[in-house]
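The values are calculated or read from the model by the stated rules, or taken from the named source; none is laboratory data. Everything quoted here is computed from the prediction, not taken from an experiment. Counting neighbours? That spans all protein chains shown, and the Cβs are built from the backbone with ideal geometry, glycine included.
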Amino acid sequence: MKDFVAFKNTRRNFLSNIAMATAAQVVASPLLANTAKIASSGADITVGQVIDQFISEVPGGKLKETVDTLKAGSLDMKVTGIVTTMFATVEVIKKTIALGANFIIAHEPTFYSHTDTTDWLAKDPTYEYKKSLLKDNNITVWRCHDYIHRMSPDPVTMGVLKKMGWEDKMINKNPNLIELTNQNLKDIIFSLKSKMGVDELRYIGSLTEQTNKILFIPGAAGSTTHIAALKMYKPDVLICGEVEEWTTVEYIRDTRSRGENVSLILLGHIASEAPSATFILNWVKERYPNLLVKYIPAGNSLSFL
Ligand SMILES: [Zn+2]
């Protein structure tokens, strides 16, 4: 089932990113502007202080409505160490405990829906297991999704561009739009596989087709956003994190049948947004140099045969 809140949120972010990026001037990352280290740099820092510091560096500051809430633990917990990741999976939680850290900052939900409501999961064995694991080991989990996507340019998208070597290929400084030369679809797919660490990619298109103009929309922005952006930017290929097979995928198929050469590459949600965790890792290192911090990858969830 489609998560409307997720769609609204991501769509707003995506469209505002486009608006910000197409403005003549791209605002430098507030993180780069603020180089001050936090005075106590690790000792006796609480979860709440780390979160407040992060939010204070995000344009617009604290949000009234956000999914970036605590999923376990408490704000006044003293931080022994921080783990950054895409998903606070059971495996990531166990590695966090083994490391001696007690604060996980994850990009995505902990309990299987965008808002992380848990009433519907009561007495579910997997939910109860994960909840107890967190509680028994005094682990706090904070989702940092809406805040990181509000930064300009979006560090998640920029992280992928950096890995791909596309930073200087943006059209009008828009990190969602890339212009390359002499590329065909096969070149793009192989480049994504080797640089993003993905074994196999699903795609629609002809491998020899010229594919120079890329629309990149990480995560799961939703078909309405994908289709509106395709219409607006007319790319040769849309690269997105994930999408339902029955929406954007079929739209691309029909568009090709109509005679337009537009392709689609599904990079995978985790691969398309994992740079969020490395960004927060570096942020913590810079702000709290004495604090234990580690990026623990959630890894690719799905295998290919
Ligand atoms: Zn995201």
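The table that follows gives values for the structure above.
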quantity: Residue list for the stretch 101-112, filter: within 17 Å of the chain's Cα centre (by Cα) and either within 15 Å of the ligand (Cβ to nearest atom) or surrounded by 24 or more Cβ atoms within 10 Å (Cβ to Cβ) (or both); calculated: I104, I105, A106, H107, E108, P109, T110
quantity: Residues of the stretch 76-114 satisfying the condition of being part of a loop (DSSP other than H, G, I, E, B), within 20 Å of I45 (Cα to Cα) and in contact (Cβ under 8 Å) with a residue 60 or more places away in the chain; calculated: M77, V79, T80, G81, G100, A101
quantity: Some residue of the stretch 53-66 being touching a strand residue (DSSP E or B) at 6+ places or on another chain (Cβ under 7 Å) and on the phi < 0 side of the Ramachandran plot; calculated: no
quantity: Qualifying residues in the stretch 270-288 (those that are polar (S, T, N, Q) and surrounded by fewer than 24 Cβ atoms within 10 Å (Cβ to Cβ)) - the one nearest to the ligand (Cβ to nearest atom); calculated: T278
quantity: Condition check for A98: modelled with pLDDT of 95 or more, among the small types (G, A, S) and either within 16 Å of the ligand (Cβ to nearest atom) or in contact with a helix residue (DSSP H, G or I) (Cβ under 9 Å, 6 or more places away or on another chain) (or both); calculated: no
quantity: Residue list for the stretch 115-135, restricted to those being touching a helix residue (DSSP H, G or I) at 6+ places or on another chain (Cβ under 7 Å) and part of a loop (DSSP other than H, G, I, E, B); calculated: T115, T118
quantity: Failed item, numbered, when L238 is tested on (1) hydrophobic (A, V, I, L, M, F, W, C); (2) more than 16 Å from the ligand (Cβ to nearest atom); (3) more than 21 Å from I178 (Cα to Cα); calculated: (3)
quantity: Filtered residue count, the stretch 233-267, keeping only those that are touching a residue at least 60 places away in the same chain (Cβ under 8 Å) and touching a Leu at 6+ places or on another chain (Cβ under 9 Å); calculated: 5
quantity: Those residues of the stretch 115-136 which are more than 25 Å from G81 (Cα to Cα) and either within 16 Å of the ligand (Cβ to nearest atom) or in contact (Cβ under 8 Å) with a residue 40 or more places away in the chain (or both), in sequence order; calculated: T115
quantity: Scan of the stretch 178-213 for residues that are within 21 Å of the chain's Cα centre (by Cα) and without any contact (Cβ under 8 Å) to a residue 60 or more places away in the chain, ordered by number; calculated: I178, S191, K193, S194, K195
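A quick yes/no check of all residues on (1) within 15 Å of E273 (Cβ to Cβ); (2) assigned by TED's automatic domain parsing to the domain that holds D76:
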residue: N138; (1), (2): no, yes
residue: W142; (1), (2): no, yes
residue: T181; (1), (2): no, no
residue: I188; (1), (2): no, no
residue: S194; (1), (2): no, no
residue: L207; (1), (2): no, no
residue: S223; (1), (2): no, no
residue: L238; (1), (2): no, no
residue: E242; (1), (2): yes, no
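Conditions tested, residue by residue: (1) under 17 Å from the mean Cα position of the chain (by Cα); (2) modelled with pLDDT under 95; (3) within 16 Å of L207 (Cα to Cα).
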residue	(1), (2), (3)
I252	no, no, yes
R256	no, no, yes
W283	yes, no, no
Y288	no, no, no
